[in-house]
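Asker: After the structure tokens below, expect a handful of questions from me.
Read-outs: derived from the displayed coordinates by stated rules, not from any lab. Remember, it's a predicted structure, so these values are computed and weren't measured experimentally. Don't worry about glycine lacking a Cβ; one is built from the backbone with ideal geometry, like all the others, and counts go over all protein chains shown.
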Amino acid sequence: MTDRAPVLVWFRDDLRLHDNPALTAAARDGAPLVCLHVRDDTGRRPPGGASRWWLAQSLRALDAMLGRHRQRLVLRSGTAATVVPALARETGAVTVHWNADAAGGGIDETVTTALRAAGVAATVHPPNLLAGTTTVTTRDGGPLRVFTPFWRKLRGLAPPRRPLAVPRLAPGPAVATETLADWALEPTRPDWAGGLRNVWTPGEASARQRLADFLATAAHYARDRDRPDRPATSRLSPHLRFGEISAAEIFHAAQFATDNGEAPARDIEKFHSELGWRDFSYSLLRHNPDLAARNLQPRFDAFPWRDDEANLRAWQRGRTGYPIVDAGMRELWTTGWMHNRVRMIVASFLVKHLLIDWRHGERWFWDTLVDADPANNPASWQWVAGCGADAAPYFRIFNPVLQGETFDPDGDYVRRWVPELARLRADAIHAPWTAAPLDLAEAGVALGKDYPEPIVDHAAARARALDAFRSIRS
């Protein structure tokens, strides 16, 4: 053990060792390290149930990775502006490194001020975004509200920095730590996380393997990414949400796949643009901290939403009578994840077919998604609802039957998640109420008993939604 003062590394939403700018900088001079994670929900939106489950697994994985480098992860709860300086004093650390909060909100400044008041240096590194610390704005410095020019301007910048290797880590002093059991992040009774455990392995190693597996089969990403019946998407979103892998590493690995002839440029460009949407969403959140609560378009404040608890519950439980909607909601409940095309379909159904406020849906996703992201989640809900930035027009109302027939043409996705319809023919599975009585009987389906009748008629719901929209246009 060296007599040098230790350096404190604050891991927040960057639960990884590879390509971690704060960790690399802290370890550069060989000083002993103290690795800290703070449970602090003050000033931040408390995570939902599925996110808490993921966080517990991710912290275990990070601690195990650190253990291979003779390190341990110190867990402390409380206000970061109090906890971080207190641990610096306790360990004699003279410097603290961390990666900036992509959402802004002032936490970096608050902790920096508290550290400097305690005589401790603070170094804040770029957040986990493609643009790093560069703010993509209009010419006069305002926020860009449309994605296409935002992405064009972001792509015009220098590429993201090259990923950083895991540095050599010098062990630091022994420090008392809280435990994950103390934090009670995981469900006990009832234990609803069995489906999550069956599908996901949180942690940095799993994230990097998932990226490699995706890039090995990404040749038809642009063509198949909207098909929930095919394994065409990366499923990296929860790993990226918790910083188990960096946006820069994903970007460069994908670019290498193109440069190496392993994936067509158009597929990788489309994949890159999805990372760009994440940057765009964080730009919106930085400029609109209440993104999850307030319509970005104020005219929607007067929208005549319906208070319908029964229909909201039917939607949450996957009992709407529209198979593609129900399949998505059941996938979400079981696995904590849902295919992005289906997210748009179920969100449109809630907001436009049922006229239920988008904030109810956003909150349900926040609690049930393992990738519930403070920027992507509300930005995407506002996009579908028509009240956000670069929003889909409200009058664009998805027909859930046509969406199912287009993107799940053989019904395989529905059969997986709505097994009571598994024996229906493909030409009826997305609209079982249109099937002949004999076909329903042969498939073992009694509508209204085995599977619900549609809770709304599409044509009538569409007309009602357009009337509601006209009421705020005037």
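Asker: Counting only DSSP beta bridges with both residues in the chain, tell me the antiparallel percent, nearest 5.
Answerer: Here the share of antiparallel DSSP bridges comes out near 5 percent.
Asker: When the convex hull of the Cα atoms of the stretch 47-98 is projected onto a plane and the area is averaged over all directions, what value comes out in nm²?
Answerer: Computed as one quarter of the Cα hull surface, the answer is 4.5 nm².
Asker: When ranked by the protection proxy of mean other Cβ atoms within 10 Å per residue, highest first, what sequence do the peptides 90-103, 436-449 form?
Answerer: By packing density, highest mean first, the sequence is 90-103, 436-449.
Asker: Explain nothing, just the number: dipole magnitude of the chain about its Cα centre with +1 on each Lys and Arg Cβ and -1 on each Asp and Glu Cβ, in debye rounded to the nearest 20.
Answerer: The calculated dipole for the chain is roughly 720 debye.
Asker: Name the residues whose placed amide hydrogens come within less than 5 Å of the amide hydrogen of residue 170, ignoring near sequence neighbours (fewer than 5 apart) on the same chain.
Answerer: Answer set, sorted by chain and number: 33.
Asker: Hey, another quick one. With θ set to phi - 60° and the Karplus curve 6.51 cos²θ - 1.76 cosθ + 1.60, what are the ³J(HN,Hα) couplings of the stretch 81-90 in order, to the nearest whole Hz, using x for Gly and Pro?
Answerer: 5, 9, 5, 5, x, 5, 5, 4, 5, 4
Asker: So what's the Cα pair-distance distribution over the stretch 329-410, bin width 10 Å, in %?
Answerer: All Cα pairs, binned at 10 Å, distribute as 18, 53, 28, 1 percent.
Asker: Here is a further query. Rounded to two decimals, what is the ratio between the C-alpha radius of gyration of the stretch 81-174 and 2.2 N^0.38 Å?
Answerer: Here the Cα radius of gyration is 1.41 times the empirical estimate.
Asker: Could you tell me the distance between the Cα centroids of the stretch 103-127 and the stretch 280-306, to the nearest Å?
Answerer: 28 Å
Asker: Pull out the extension gain between residue 162 and residue 265, defined as 0.36 nm times the separation in residues minus the alpha carbon to alpha carbon distance; nm, one decimal.
Answerer: Full-extension gain reported as 35.1 nm.
Asker: Ok, one more. Have a look at the stretch 298-473 and give its Rg and Dmax from the Cα atoms, expressed in angstrom.
Answerer: Cα only, the stretch 298-473: 16.0, 52 Å (Rg, Dmax).
Asker: Quick query: amide H of residue 39 versus all other amide H atoms, modeled in the peptide plane; which residues come in under 5 Å with a sequence gap of 5 or more or a different chain?
Answerer: Those lying under 5 Å, H to H, from residue 39 are 76, 77, 78.
Asker: Stokes-Einstein diffusion coefficient for the stretch 1-152 at 20 °C in a medium of 1.002 mPa s, Rh from the Kirkwood formula over Cα pairs: what value in µm²/s?
Answerer: In µm²/s, the coefficient is 128.
Asker: Can you give the FRET efficiency for residue 133 and residue 426, using 1/(1 + (r/R0)^6), R0 = 41 Å, r = Cβ-Cβ distance, to the nearest 0.05?
Answerer: 0.20
Asker: Please work out the C-alpha center-to-center distance from the stretch 374-439 to the stretch 1-62 and express it in whole Å.
Answerer: 40 Å
Asker: Let me ask something else about it. Classify the stretch 182-307 from the C-alpha gyration tensor, please: rounded if a/c falls under 1.5, else prolate or oblate depending on whether a/b exceeds b/c.
Answerer: oblate
Asker: Report the dimensions of the chain along its three principal axes from the alpha-carbon atoms, largest first, rounded to Å.
Answerer: Computed over the Cα atoms, the extents are 82, 49, 49 Å.
Asker: Here's another thing I want to ask about it. Between residue 68 and residue 450, what is 0.36 nm times their sequence separation minus the Cα-Cα distance? Round to one decimal in nm.
Answerer: 132.3 nm
Asker: Next question. Run a plain Debye calculation on the stretch 266-324 (Cα atoms as equal point scatterers, no solvent) and give log10 I(q)/I(0) at q = 0.13 Å⁻¹, rounded to two decimals, same order as the q list.
Answerer: Results for the stretch 266-324 at q = 0.13 Å⁻¹ read -0.69.
Asker: Okay, next question. Looking at the stretch 223-317, which trypsin sites (Lys or Arg not before Pro) are DSSP coil and have at most 14 other C-beta atoms within 10 Å of their C-beta?
Answerer: Here the sparse-neighbourhood loop sites are 306, 317.
Asker: Report ³J(HN,Hα) in whole Hz for each residue of the stretch 245-254, in order, from the Karplus equation J = 6.51 cos²θ - 1.76 cosθ + 1.60 where θ = phi - 60°; Gly and Pro get x.
Answerer: Going residue by residue, I get 8, 8, 4, 5, 5, 4, 4, 6, 5, 5 Hz, with x marking Gly and Pro.
Asker: Using each residue's phi in the stretch 141-146, evaluate 6.51 cos²θ - 1.76 cosθ + 1.60 at θ = phi - 60° and report the 3J(HN,Hα) Karplus result to the nearest Hz, with x for Gly and Pro.
Answerer: Working through the residues one at a time gives x, x, x, 7, 9, 10 Hz.
Asker: Please identify which residues in the stretch 323-360 have an amide N closer than 18 Å to a label point set 7 Å out from the Cα of residue 230, following the Cα→Cβ vector.
Answerer: Counting only backbone N, you get 339-343.
Asker: Moving on to the next point. How large is the helix-only mean residue ellipticity at 222 nm for the chain, computed as the sum of -39500 (n - 2.57) over DSSP H runs with n ≥ 4, divided by its residue count, in deg cm²/dmol to the nearest 500?
Answerer: Calculated at 222 nm, the ellipticity per residue is -13500 deg cm²/dmol.
Asker: Given R₀ = 35 Å, FRET efficiency for residue 176-residue 367 by Cβ-Cβ distance, to 0.05?
Answerer: 0.60
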